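Have a look at the structure below, then the notes.
The values are calculated or read from the model by the stated rules, or taken from the named source; none is laboratory data. From a predicted model like this one, the values you see are computed outputs, not experimental measurements. Backbone-built Cβ (ideal geometry, glycine too); neighbour counts: all protein chains shown. In case anyone asks, the SASA skips ligands and DNA or RNA and just uses the protein heavy atoms, side chains included. Shrake-Rupley method; radii C 1.70, N 1.55, O 1.52, S 1.80 Å.
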Amino acid sequence: MGSHDGEADELPPPPPVRSDMVPIKAEYVVGESPPNMPVKPKRVPMARPGVGRKGQSIHLYSNHFEVSVNSPEDFFFHYHVNLKFEDGRPVDGKGIGRKVMDKLQQTYHSELSNKDFAYDGEKSLFTVGALPQKNHEFTVVLEEASTGKTAANGSPGGDDSPGGGDRKRVRRLYQLKTFKVEISFAAEIPMSAIGQVIRGEESKNSLEALRVLDIILRQHSSKQGLLVVRQSFFRNNPSNLVDLGGGVMGCRGFHSSFSGTQSGLSLNIDVSTTMIVKPGPVIDFLIANQKVDHPSRINWQKAKSALRSLRIKTIHYNAEFKIIGLSEKNCKEQTFPLKQRNGNHGECDTIEITVYDYYKKKGIQLQHSGDLPCINAGKQKSPTYFPMELCHLLPLQRYTKALSTLQRSSLVEKSRQKPQERMTVIDDALQRSNYSSDSMLRSCGISIAPKFTQIEGRVLQAPKLKAGNGEDIFTRNGRWNFTNKKLIQTCSVDKWAVVNFSARCNVRNLICDLIRNASAKGIQMDQPLDVVEENPSMRRAAVSRRVDDMFEQIKSKLPGAPKFLLCLLPERKICEIYGPWKRKCLADYGIVTQCLAPMRVNDPYLFNLLMKINAKLGGLNSLLQIETSLAIPHVSKVPTIILGMDVSHGHPGQSDKPSIAAVVSSRQWPHISKYRASVHTQSPRLEMMSSLFKPQGTDDCGLIRESLLDFYTSSGNRKPENIIIFRDGVSESQFTQVINIELDQIIEACKFLDEKWSPKFTVIVAQKNHHTRFFQTGSPDNVPPGTVMDNVVCHPRNFDFYMCAHAGMIGTTRPTHYHVLHDEIGFSADEMQEFVHSLSYVYQRSTTAISVVAPIRYAHLAAAQVGTFLKYEEMSDASSSQGGHTSAGSAPVPELPRLDEKVRSSMFFC
């Protein structure tokens, strides 16, 4: 382990043992370390080694609001809530819990000592001070509109035997439901633990105390009728909604959560967006969602999946139901058993009637639902059918499926806000929330300052870059250009060809312009060996056949294997050919390839293309001046490898798509601008990396070994003495796993290579998914690139800082939050911040500083590109090849094909 910050000096020797004392025999507990085995101390995030001083001072506001707490003597009491129906069945429906607990509080206020409580909507309830007893049992009666529970006759009108007249039907819809609620004591949490949060002494109690405060915020918003998504809240207000097409709307709301910072407890408020289903007629939603022009063209299998669990209101009487599916037959053919009085002493006959005829009989003329399936809002065994046109989707219902590329770009575009606008919206959210009226917050003695927190930040000087011929590149506002300059290390492009998958463009002109631009930047680019046009008969064939056919043509037309292929894709870059093409080139043949969709091709576009081609073929576009002069603290002095690690998951709605773990590593030390990548699949949604170290006999098939061997061979047969790890995409709750489980795997991989080798490790986590923002005082612009912030709203104890390395051109800049969890190398705060800043300038694909260090951005790219090798249809097929990692009881994960060794160490992802 590295520095032992904050540890006491050496302890005095223990007192001598009295001669009459008999030692107690320790019992060995299974699952703990056996006797005489030293227990390995658990690593914890390191303490801050001081604050940074470098850079020009800048006055900022942050969207953190100071919170004062006045009653630290009390205790939160945590109770476990068990909700059951009258017959003992557990209640599992979402949303019903809050209704039951609200009614319970109204009904039994005095029995609960008139206490307010915070309920999380599921199993936990918190009070300030204790309830009268440790265990309570209550009966709660709710009068509510039918949720679609039906009589066994499966009639269309809710809990009704439709023969009994309309008055009876409406009366039956509003039924009384009885619940049993058991409340039992679980734990007590001292409110003084909030003080621990502020001191940075995180414990189970302090994290629980913060959780209680966050639950109070959720309950407060829920009572106002807002949609609650974790700590974000959404109001049903037309001005907050934007149409994204496809029956989906973006809904703007706000995020609100408590955290401990250097300046005390703070409330972080920010703008937040979620997707909701467009409310209104169900049929309109389906037509928009499937992009069809008529109900007859709707794919009902897809419709069933899109509608499941959505809530509807029926317009023929004002009641709400939850959709569980669709009828097998259409409305004119779907029958159900209807009970009718036959006039003999009140006896009933049962007749089979279609849903369509039933409504016709009731005087409801259906215009266009007769030939469509009905909505089933009952149960699988006792359905309740409603004709489609009588059903309207309720507002504020989350849309959880994956968005299309078009919808995603529309959402980003429409939810952008300039810094000033964002500040206004945040301020408005705080006023509207009216937290001061919340009795629960009042009983915790909490009051929230109405003003944005003021902070002193620093702007670091941009690093200088080097171009070809020893020329300097001066960066300005996080940007630079290569006008009249050459790239620093150029590749030669020979033995190459163009393949054209039916893109409509003048290929000859494109080649001519590309060679001209290459020459201007110092790249020697020959004429291509050939232009291989796709066979017109293949255009409508399956993608894999199109790719295979293209390779047959390449084999027959070219004199030998090409070194590089320029691939023209039709319409847009993200098309179905992309993945299979990349897989064929990189995994099967080991050919470097660059794809483009030649829509608007001009010289800046071609220069960008050439930057990628140069990097992929082993060149470098620019280097840091401190990289060439060996002036990077710690890194330039001794062999140092930099790792970027990320796990990418499928979109929401693709729960069986394997997650993809990527490790990107630097090579050719003392460079820190050249990287290569290794990629594996792992179990869906698994955030921790499961394949860093994978011993198989005398071999290790893990991701790290490959990186270390490549570093050794590319850096003059030197082993790294320093290993710097940048990890993306983990939350605070997983920090200890990163520095205990993942770091241990990396150490094991090192020991597996050489038992005597003990490099020093530094582990840094980068987070983009947070809600802290910074605003310049007295300026409407975003903060300048290089802005760093390590005080006031940072962690009270741990080594963290926020950095905006890039120039935010649109919307409000999102800073990256870096957490240095472990540092054996011994960076000072200034050295670490300048190092991270420099790594935002080595990204070979662009002439701008980027918002996160390049190794992490490369890990994203590598995971995304190699992820396209696995077609979604193949996901369910378990692959038997060597890398299928499985979680307990799940199907094997399909393994990615290994890249051909000719391209394995290239920047293929660039």
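Does the stretch 783-790 contain at least one residue that is in a helix (DSSP H, G or I) and surrounded by 20 or more Cβ atoms within 10 Å (Cβ to Cβ)?
Taking every residue of the stretch 783-790 in turn, none turns out to be in a helix (DSSP H, G or I) and surrounded by 20 or more Cβ atoms within 10 Å (Cβ to Cβ).
Name the single residue, out of those in the stretch 747-768 being assigned to a loop (DSSP other than H, G, I, E, B) and in contact (Cβ under 8 Å) with a residue 40 or more places away in the chain, that is most open to solvent (accessible area, probe 1.4 Å).
Step one: filter the stretch 747-768 for residues assigned to a loop (DSSP other than H, G, I, E, B), giving 754-759, 768.
Within this subset, residues satisfying the condition of being in contact (Cβ under 8 Å) with a residue 40 or more places away in the chain are 759, 768.
Values: 759: 14, 768: 61 Å².
Taking the candidates together, the pick is 768.
For the list (1) in a helix (DSSP H, G or I); (2) among the small types (Gly, Ala, Ser); (3) touching a strand residue (DSSP E or B) at 6+ places or on another chain (Cβ under 6 Å), I need the number of the one condition that residue 447 fails.
Tallying (1) in a helix (DSSP H, G or I); (2) among the small types (Gly, Ala, Ser); (3) touching a strand residue (DSSP E or B) at 6+ places or on another chain (Cβ under 6 Å), residue 447 fails exactly one: (1).
Going residue by residue through the stretch 227-234, is there one that turns out to be farther than 30 Å from residue 74 by Cα and either in contact (Cβ under 8 Å) with a residue 24 or more places away in the chain or not β-branched (Val, Ile, Thr) (or both)?
Taking the stretch 227-234 first, the residues farther than 30 Å from residue 74 by Cα are 227, 234.
From what is left, the residues that are either in contact (Cβ under 8 Å) with a residue 24 or more places away in the chain or not β-branched (Val, Ile, Thr) (or both) are 227, 234.
Taking every residue of the stretch 227-234 in turn, at least one turns out to be farther than 30 Å from residue 74 by Cα and either in contact (Cβ under 8 Å) with a residue 24 or more places away in the chain or not β-branched (Val, Ile, Thr) (or both).
Against the condition over 23 Å from residue 901 (Cα atoms), open to solvent by 50 Å² or more (accessible area, probe 1.4 Å) and either at pLDDT 95 or above or of a type outside the set (Ser, Thr, Tyr) (or both), how does residue 509 come out, does it pass? Don't jump to the end; show me each part of the working.
Values: over 23 Å from residue 901 (Cα atoms): yes; open to solvent by 50 Å² or more (accessible area, probe 1.4 Å): yes; either at pLDDT 95 or above or of a type outside the set (Ser, Thr, Tyr) (or both): yes.
Judged against the criteria, residue 509 is a match.
Listed here are the residues, each with its yes/no results for (1) open to solvent by 20 Å² or more (accessible area, probe 1.4 Å); (2) within 25 Å of residue 309 (Cα to Cα); (3) in contact with a Cys (Cβ under 9 Å, 6 or more places away or on another chain).
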position: 355; (1), (2), (3): no, yes, yes
position: 375; (1), (2), (3): no, yes, yes
position: 385; (1), (2), (3): yes, yes, yes
position: 388; (1), (2), (3): no, yes, yes
position: 392; (1), (2), (3): yes, yes, no
position: 399; (1), (2), (3): yes, yes, no
position: 404; (1), (2), (3): yes, yes, no
position: 413; (1), (2), (3): yes, no, no
position: 439; (1), (2), (3): yes, no, no
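Looking at residue 545, is it in contact (Cβ under 8 Å) with a residue 40 or more places away in the chain and over 21 Å from residue 492 (Cα atoms)? Let's see the steps before the verdict.
Details: in contact (Cβ under 8 Å) with a residue 40 or more places away in the chain: no; over 21 Å from residue 492 (Cα atoms): yes.
Criteria not met by residue 545.
Given the criterion open to solvent by 70 Å² or more (accessible area, probe 1.4 Å), over 30 Å from residue 467 (Cα atoms), touching a Leu at 6+ places or on another chain (Cβ under 7 Å) and among the hydrophobic types (A, V, I, L, M, F, W, C), identify the matching residue among 558, 529.
Working: 558 fails: open to solvent by 70 Å² or more (accessible area, probe 1.4 Å).
The conditions single out 529.
Give me the strands (runs of 3 or more DSSP E) completely within the stretch 225-287, filtered to those with at least 2 residues that are over 29 Å from residue 375 (Cβ atoms) and open to solvent by 20 Å² or more (accessible area, probe 1.4 Å), ordered by residue number. Steps first, answer last, please.
On the way: elements: 227-229, 232-234, 241-245, 248-261, 264-277.
It comes to 248-261.
Please go through (1) in a loop (DSSP other than H, G, I, E, B); (2) open to solvent by less than 10 Å² (accessible area, probe 1.4 Å) for residue 779 and return the number of the only condition it doesn't satisfy.
Here residue 779 clears every test but (2).
Only residues that are in contact with a Leu (Cβ under 6 Å, 6 or more places away or on another chain), open to solvent by 80 Å² or more (accessible area, probe 1.4 Å) and part of a loop (DSSP other than H, G, I, E, B): list them for the stretch 297-320, please.
Correct list: 315 only.
Could you tell me whether the stretch 684-694 includes any residue that is open to solvent by 10 Å² or more (accessible area, probe 1.4 Å) and over 29 Å from the mean Cα position of the chain (by Cα)? Steps first, answer last, please.
Step one: of the stretch 684-694, the residues open to solvent by 10 Å² or more (accessible area, probe 1.4 Å) are 684-688, 690, 693-694.
So of that shortlist, the ones also over 29 Å from the mean Cα position of the chain (by Cα) come out as none.
No, the conditions are met nowhere in the stretch 684-694.
Taking the criterion of being without any contact (Cβ under 8 Å) to a residue 60 or more places away in the chain, crowded, with 19+ Cβ neighbours inside 10 Å and in contact with a helix residue (DSSP H, G or I) (Cβ under 8 Å, 6 or more places away or on another chain), would at least one residue in the stretch 532-539 satisfy it? Can you show your working first?
First, pick out the residues of the stretch 532-539 that are without any contact (Cβ under 8 Å) to a residue 60 or more places away in the chain: 532-539.
Going one step further and asking which of them are crowded, with 19+ Cβ neighbours inside 10 Å, we end up with 532, 534.
Cutting the leftovers down to in contact with a helix residue (DSSP H, G or I) (Cβ under 8 Å, 6 or more places away or on another chain) gives us 532, 534.
Scanning the stretch 532-539 turns up at least one residue that is without any contact (Cβ under 8 Å) to a residue 60 or more places away in the chain, crowded, with 19+ Cβ neighbours inside 10 Å and in contact with a helix residue (DSSP H, G or I) (Cβ under 8 Å, 6 or more places away or on another chain).
Listed here are the residues, each with its yes/no results for (1) at pLDDT below 90; (2) assigned to a helix (DSSP H, G or I); (3) out of contact with any Asp or Glu (no Cβ under 7 Å at 6 or more places or on another chain).
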| residue | (1), (2), (3) |
| --- | --- |
| 358 | no, yes, yes |
| 363 | yes, no, yes |
| 368 | yes, no, no |
| 374 | no, no, yes |
| 400 | yes, no, yes |
| 408 | no, yes, yes |
| 411 | no, yes, yes |
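What number of residues within the stretch 543-575 are part of a helix (DSSP H, G or I) and either over 13 Å from residue 585 (Cβ atoms) or under 40 Å from the mean Cα position of the chain (by Cα) (or both)? Even if it seems obvious, please write down each step before you answer.
Just the residues of the stretch 543-575 that are part of a helix (DSSP H, G or I), to begin with: 543-557.
From what's left, either over 13 Å from residue 585 (Cβ atoms) or under 40 Å from the mean Cα position of the chain (by Cα) (or both): 543-553, 555-557.
Residues flagged as part of a helix (DSSP H, G or I) and either over 13 Å from residue 585 (Cβ atoms) or under 40 Å from the mean Cα position of the chain (by Cα) (or both) within the stretch 543-575 amount to 14.
Restricting to the stretch 41-74, name every residue that is open to solvent by 30 Å² or more (accessible area, probe 1.4 Å), within 30 Å of residue 131 (Cβ to Cβ) and modelled with pLDDT under 90.
Selection gives 69, 70, 72, 73, 74.
Just to be sure I understand, how many residues within the stretch 695-718 are of a type in the set (Ser, Thr, Tyr) and open to solvent by less than 10 Å² (accessible area, probe 1.4 Å)? Before you say what the answer is, go through the steps one by one.
Going through the stretch 695-718, the residues of a type in the set (Ser, Thr, Tyr) turn out to be 698, 707, 712-715.
Retained after the next criterion (residues that are open to solvent by less than 10 Å² (accessible area, probe 1.4 Å)): 707, 715.
Residues in the stretch 695-718 being of a type in the set (Ser, Thr, Tyr) and open to solvent by less than 10 Å² (accessible area, probe 1.4 Å): 2 in total.
Among the numbered criteria (1) within 30 Å of residue 794 (Cα to Cα); (2) modelled with pLDDT of 90 or more, which single criterion is violated by residue 80?
(1)
Among the numbered criteria (1) open to solvent by 20 Å² or more (accessible area, probe 1.4 Å); (2) in contact with a strand residue (DSSP E or B) (Cβ under 8 Å, 6 or more places away or on another chain); (3) within 17 Å of residue 125 (Cα to Cα), which one does residue 207 miss?
Just one mismatch for residue 207, condition (2).
Out of all the residues in the stretch 483-515, which are in contact with a strand residue (DSSP E or B) (Cβ under 9 Å, 6 or more places away or on another chain) and basic (Lys, Arg)? Break it down stepwise before answering.
Going through the stretch 483-515, the residues in contact with a strand residue (DSSP E or B) (Cβ under 9 Å, 6 or more places away or on another chain) turn out to be 485, 487-503, 505, 507-508, 510-511, 514-515.
Within the stretch 483-515, 485, 495, 508 meet the criteria.
For the stretch 471-502, which positions are outside any strand (DSSP E or B), open to solvent by 10 Å² or more (accessible area, probe 1.4 Å) and of a type in the set (Gly, Ala, Ser)?
Hit for the stretch 471-502 is 502, nothing else.
Table: residues versus (1) modelled with pLDDT of 95 or more; (2) more than 27 Å from residue 475 (Cβ to Cβ).
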site	(1), (2)
811	no, no
828	yes, no
847	yes, no
882	no, yes
887	no, yes
908	yes, yes
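Which residues, counting only those in the stretch 75-131, are in a loop (DSSP other than H, G, I, E, B), open to solvent by 60 Å² or more (accessible area, probe 1.4 Å) and under 22 Å from residue 177 (Cα atoms)?
86, 87, 89, 92, 94, 109, 111, 122, 123
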